[in-house]
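A short write-up of the structure that comes next.
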Amino acid sequence: MIALYPLAALGRAVLALLAAIGRFAIFTGQTVSHLVRPPFYPREFGQAMMQIGYFSLPVVGLTALFTGGALALQIYAGGARFSAEAVVPQIVAIGMVRELGPVLVGLMIAARVTSSIAAEIATMKVTEQIDALVTLSTHPMKYLTLPRVLAATLVMPLLVGVGDIIGIYGGFLVGTERLGFNAATYLKNTADFLELRDIVSSLAKGAVFGFIAALMGCYYGMNSTRGAMGVGRATKGSVVAAAVLILAANFILTEAFFAL
Amino acid sequence: MIRLTDIHKAFGSNHVLRGVNLHVPRGTSMVIIGGSGTGKSIALKCILGLVTHDSGTIEVDGQDVRKGDRDAFLARFGMLFQGGALFDSLPVWQNVAFRLMRGSLKRPRAEAREIAIEKLRRVGLKPDVADKLPAELSGGMQKRVGLARAIAAEPEIIFFDEPTTGLDPIMAGVINELIREIVTEMGATAMTITHDMTSVRAIADNVAMLHDGVIKWTGPVAQMDNSGDPYLDQFIHGRATGPIEAVR
Ligand SMILES: Nc1ncnc2c1ncn2[C@@H]1O[C@H](COP(=O)(O)OP(=O)(O)O)[C@@H](O)[C@H]1O
Ligand SMILES: [Mg+2]
């Protein structure tokens, strides 16, 4: 009997995991289904676009700028001095656009947007505001979840695009100011080396990460338990889940785009 | 019009409702009393479908609340939540007019605002609170905004969860009168939860006392004082000793 305890524990964990995946899949399905079922709430959508997109620009810009700069220094220091003037811009461009841009912007959005969505919705849940919405004939998924998830999915490619450009610019600044590269050559090397596929994959990753980030915030917020502790737990859970899922999705998308 | 038959509801091992039976005729005012934590709020939430009961049936006009068109069902109800449950991202008037600004009852913004201000006046709030955010108001004021929101669309059935808790005695009197008025003038059916015996006498046609997960006593408010029920007597007179254990 005792020998079976670890197995039983494993079984319970697997069952709990499967149940969580099921609940999450249902939540995702419901969210997406509201896309085609009126009423819609354009005002809430507009506010979500501002909150998630516009107000995230500073943090996205700073993250990308420093990362692009550091990347350029690192490649130069890492033994590429021989043909540094060609290699640095190329690797900065590839690195930023393919991986670092989408991933870092995704993680910043998980920190900034997922947490705030989860805390807001969880607070609404524990103060009965979600119940109040229902009694006022307003579907919480339509009013709260869909606008945020849709806005994040649509606006994240733009944020990632901005992040890519600023990241390359960070590398450019370091290259031209610190390492003494020629500005025109740097830009030419960047432009020649990037392919359309790099850019498409970057923006597509952005859309997927935005979807994940907002959905996690809503899911954990809506499923919050009671009290301030519930809100704290929902917020923490949402950010961890969003970050892990973004990194996992990044791996899968990289595999899909570049392994062929 | 509202009929609960053998309603059970448990949260894990906490069996809150253990067979609640209750009937609220159309156009009457039912007041539910009972100690805190006995499941009064949960009972109202079960009727609205905000909480799903484990067993038993709830009918409104003979129709099972779990079946049928949910939107049409909810459109008949107004609810004041125990904590107010105001939307803290919206100014007070948009809270009150929430239902009038979207969905089937949608009307022009200016008109919705006017109605909101009129409803605020009815709960004793001046027009200058209309543009404040809920967080800028005191608890008692928030409660009254919640009340204004519950009655804004003039629903047929209204639930008030502790409408006078946290109000001064004069304002409590105003709110009691308002609830009575809504029932007698608008012909609404009301269910009110309260601990305040003055409110009970002012609002109720019928009273039901919830204890240990069941309705211990129910009857017309006039019979409340000589019911002969020890639980009810203890509650009405606020005695520390009696069949209801006051754990200290
Ligand atoms: N969402 C919930 N999860 C777990 N327990 C709950 C929940 N809501 C209420 N309860 C429990 O149900 C009981 C009755 O709650 P409630 O109906 O709010 O009491 P009251 O009669 O004071 O309104 C309480 O013991 C409370 O802890
Ligand atoms: Mg209560």
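The values are calculated or read from the model by the stated rules, or taken from the named source; none is laboratory data. Just so you know, these numbers come straight off a predicted model, no measurement behind them. Glycine also receives a Cβ, built like all others from the backbone with ideal geometry; neighbour counts cover every protein chain displayed. What goes into the accessible areas is simple: the full protein's heavy atoms, side chains included, and nothing from ligands, DNA or RNA. Shrake-Rupley method; radii C 1.70, N 1.55, O 1.52, S 1.80 Å.
Data for the structure
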| read-out | value |
| --- | --- |
| Per-residue average of Cβ from other chains inside 10 Å of B:78-89 | 5 |
| Net dipole in debye of chain B [+1 Lys, Arg Cβ; -1 Asp, Glu Cβ; about Cα centre; nearest 20] | 540 |
| Angle in degrees between helix B:169-186 and the longest Cα principal axis of chain B, rounded to the nearest 10 | 90 |
| Per residue accessible area of segment A:133-260, 1.4 Å probe, in Å² | 44 |
| Sulfur and carbon atoms: percent of accessible area, segment B:95-212 [1.4 Å] | 53 |
| Convex hull projection area averaged over all views, the protein assembly as shown, Cα basis, nm² | 33.0 |
| Qualifying lysines (Cα of each under 29 Å from Cα of B:LYS119; at least 8 residues distant if same chain) | A:LYS125, A:LYS142, B:LYS40, B:LYS45, B:LYS106, B:LYS132, B:LYS143 |
| Packing-based order for B:153-163, A:230-240, using average beta carbon neighbours within 10 Å, highest first | B:153-163, A:230-240 |
| Surface share of carbon and sulfur [accessible, 1.4 angstrom probe, percent] for chain A | 73 |
| Buried accessible area, chains A and B (both chains, 1.4 Å probe, Å² to nearest 100) | 1600 |
| Rounded to whole Å, sorted largest first: equivalent-ellipsoid semi-axes of chain A, Cα gyration tensor | 39, 23, 16 |
| Whole-Hz ³J(HN,Hα) from phi, Karplus 6.51 cos²θ - 1.76 cosθ + 1.60, for segment A:47-54, glycine and proline x | 4, 5, 4, 4, 4, 7, x, 4 |
| Those aspartates and glutamates that a straight Cα-Cα span of less than 19 Å connects to B:LYS216, excepting residues fewer than 8 apart in one chain | B:ASP6, B:ASP196, B:ASP205, B:ASP225, B:ASP229, B:ASP233, B:GLU245 |
| Average partner coverage of A:125-134, which counts Cβ from other chains inside 10 Å | 6 |
